[in-house]
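The values are calculated or read from the model by the stated rules, or taken from the named source; none is laboratory data. The shown structure was predicted, so the numbers you read here are calculated from the model rather than taken from an experiment. Here Cβ is always computed from backbone atoms with ideal geometry, including for glycine, and neighbour counts include all displayed protein chains.
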Amino acid sequence: MTPQLLSAPDPEPERKVLDFPLPPPGSMGPPAEYRRLRQECPLAKVRLPMGATAWYITRYDDVREMIADSRLIRPSINDWPPRPDRAVVDDKPGLITMMEMDGPQHAALRRALAEPFSVRSIRRRLPRIRRSADRLLDAFADGDRPGDLVAGFLEPFPLLVMCDLVGIPYEDREYFLPMADAALGALITLEDGRRATRWLREYISAQLDRKQREPDDDMLTELVRECGRGTLDDESVVNFGLSMLVAGYRTSTMFLADAVVALLTGPGQYARLRDDRDLMPKAVEELLRYVPVQNGVVVLQAVEDIELHGRTIRAGDAVLPVLAAANRDESVFDDADWLDLCRADNPHLVFGRGAHNCIGSHLARAQMTVGLEALLDRFPDLRITDGREPAWDDASPIKSPLTLTVHW
Ligand code: HEM
């Protein structure tokens with residue numbers, strides 16, 4: 001059973017609890033505090049916007065170790081963030097994704113997914129991914145000028161690619177997107193979260209029934225076959241489907257959108273990549289390192305006491321390894337705050353490490369590469385419309401533009 005999060009009294013009340021660091025309003029960040037925290041307080045206690053506290057880890061070496069440490073588990077989204085109404089306990093299945101799975105069940109699912117998510121399989125799909133990008137950009141170019149690139153391309157593209165690969169009907173997005181948001185939203189009541197979780201499970205189960213009746217060339221069909229062979233159980237496949245609905249596209253959207261903002265606002269960066277496509281592989285790795293989306297989005301929970309930098313993380317405490325802070329650690333990356341599209345040595349941690357590292361990393365890289373190539377080809381003179389700075393959600397720690405108004 002998951003230990004009750006954050007219920008124990010703070011054993012170190014004399015130490016300062018910081019407010020959750022946020023990027024400067026109206027920008028993608030990163031929060032200015034990261035540099036100071038890395039230098040002076042690498043294990044800091046922070047108060048999150050919803051009132052709970054957690055340990056914040058900002059140094060590269062610590063994040064690298066902690067994210068792969070088996071003494072830290074991933075609490076279910078239903079257990080995090082803690083909500084005032086969490087006293088209402090029931091034992092209905094929660095929103096279990098791959099991240100909360102463990103042991104042989106998790107290992108079997110990872111094995112079944114290794115081939116379809118491999119570099120080789122994703123490479124085979126590149127022409128298809130490019131066609132999806134071009135189709136969306138055709139429609140965008142036919143629309144009004146200026147246009148919102150977030151709504152027209154940066155949001156739909158990763159969703160379309162994921163749906164096509166996994167076998168979730170893209171046409172159903174109006175139905176499942178609000179539910180996925182409700183299940184993930186921090187401000188919802190537990191009751192709303194439960195209802196959304198139930199709908200999502202029913203939706204994925206219905207998709208699996210359909211794959212059994214009408215097999216297709218996609219991942220869900222292949223996983224249903226694996227169930228038939230007895231190598232996977234139904235529950236694991238449902239969990240995979242839920243993982244795709246809540247984690248299989250939105251991170252890519254945010255990274256791609258921030259990457260485009262970084263290229264368009266960094267002096268000469270967009271033109272540089274447009275004119276030297278050989279830079280693309282290094283540029284993609286550098287953009288993944290540089291754009292600070294992951295401000296404490298991986299939530300871990302200690303299952304035993306852990307000593308770090310002379311302090312004790314108690315069993316049950318929440319721990320946030322801040323990937324965006326680790327990726328700007330100047331002890332690992334020269335000129336860490338500089339977007340260097342030619343950076344050669346780039347051991348960033350953007351896809352995590354260990355048993356739960358990102359299984360979609362090759363797909364994410366392909367989406368960013370193909371998405372940028374399609375944009376550079378179609379709109380060589382793309383620019384942010386004068387006087388229409390990107391809009392950001394300043395209250396959210398996860399930064400990507402809500403709108404990006406562009407001319408071409
Ligand atoms: C730029 C885009 C992406 C980034 C930066 C990213 C990052 C991450 C990170 C850091 C984790 C590890 C979380 C942890 O340790 O708890 C993770 C896990 C995961 N990611 Fe991604 N991701 C991206 C795109 C994708 C895509 C496109 C897919 C699939 C379509 C995907 C599927 C998953 C899944 C299923 C897991 C859980 C794996 C497990 O628990 O075994 N991700 N991702």
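In this structure, D334 does satisfy being acidic (D, E), away from the ligand (no atom under 15 Å from the Cβ) and in a loop (DSSP other than H, G, I, E, B). Within segment 154-165, does at least one residue satisfy the condition of being under 19 Å from the mean Cα position of the chain (by Cα), of a type outside the set (D, E, K, R), within 13 Å of the ligand (Cβ to nearest atom) and not in a helix (DSSP H, G or I)? No.
In the list D85, D134, which residue meets the criterion of being acidic (D, E) and modelled with pLDDT of 90 or more? I'd like the intermediate steps shown before the answer.
Numbers: D85 fails: modelled with pLDDT of 90 or more.
Of D85, D134, the one residue that is acidic (D, E) and modelled with pLDDT of 90 or more is D134.
Given the residues L242, L263, L256, which is the only one that is assigned to a helix (DSSP H, G or I), within 16 Å of F351 (Cα to Cα) and within 16 Å of the ligand (Cβ to nearest atom)?
Working: L242 fails: within 16 Å of F351 (Cα to Cα); L263 fails: within 16 Å of F351 (Cα to Cα).
When all the criteria are applied, what remains is L256.
None of A302, A326 is in contact with a strand residue (DSSP E or B) (Cβ under 6 Å, 6 or more places away or on another chain) and closer than 17 Å to L43 by Cα except A302. Look at segment 384-408: where a residue is modelled with pLDDT of 95 or more and in a strand (DSSP E or B) and a partner is surrounded by fewer than 16 Cβ atoms within 10 Å (Cβ to Cβ) and among the charged types (D, E, K, R), sitting 6+ places away or on another chain with Cβ atoms under 6 Å, you get T405/R388; H407/R383.
Take the conditions part of a helix (DSSP H, G or I), farther than 25 Å from P215 by Cβ and under 23 Å from the mean Cα position of the chain (by Cα) and apply them to A112. Does it pass? Even if it seems obvious, please write down each step before you answer.
Numbers: part of a helix (DSSP H, G or I): yes; farther than 25 Å from P215 by Cβ: no; under 23 Å from the mean Cα position of the chain (by Cα): yes.
No; evaluated as a whole, the condition is false for this residue.
Pairs are defined by a Cβ separation below 8 Å, a sequence spacing of at least 6 or placement on different chains, a first member in segment 136-147 that is farther than 17 Å from A374 by Cα, and a second member that is buried (at least 16 other Cβ atoms within 10 Å of the Cβ) and among the aliphatic types (A, V, I, L, M); the pairs so defined are P146/V406.
Evaluate the following for A259: is it surrounded by fewer than 19 Cβ atoms within 10 Å (Cβ to Cβ) and either of a type in the set (F, W, Y) or under 22 Å from E389 (Cα atoms) (or both)? Explain how you work it out, then say what you get.
Numbers: surrounded by fewer than 19 Cβ atoms within 10 Å (Cβ to Cβ): no; either of a type in the set (F, W, Y) or under 22 Å from E389 (Cα atoms) (or both): yes.
When the stated conditions are applied, A259 does not pass them.
Take the residues in segment 355-408 that are under 20 Å from R128 (Cα atoms) and of a type in the set (D, E, K, R); name whichever of them is surrounded by the fewest Cβ atoms within 10 Å (Cβ to Cβ). Step by step, filter segment 355-408, then rank; the result is D377.
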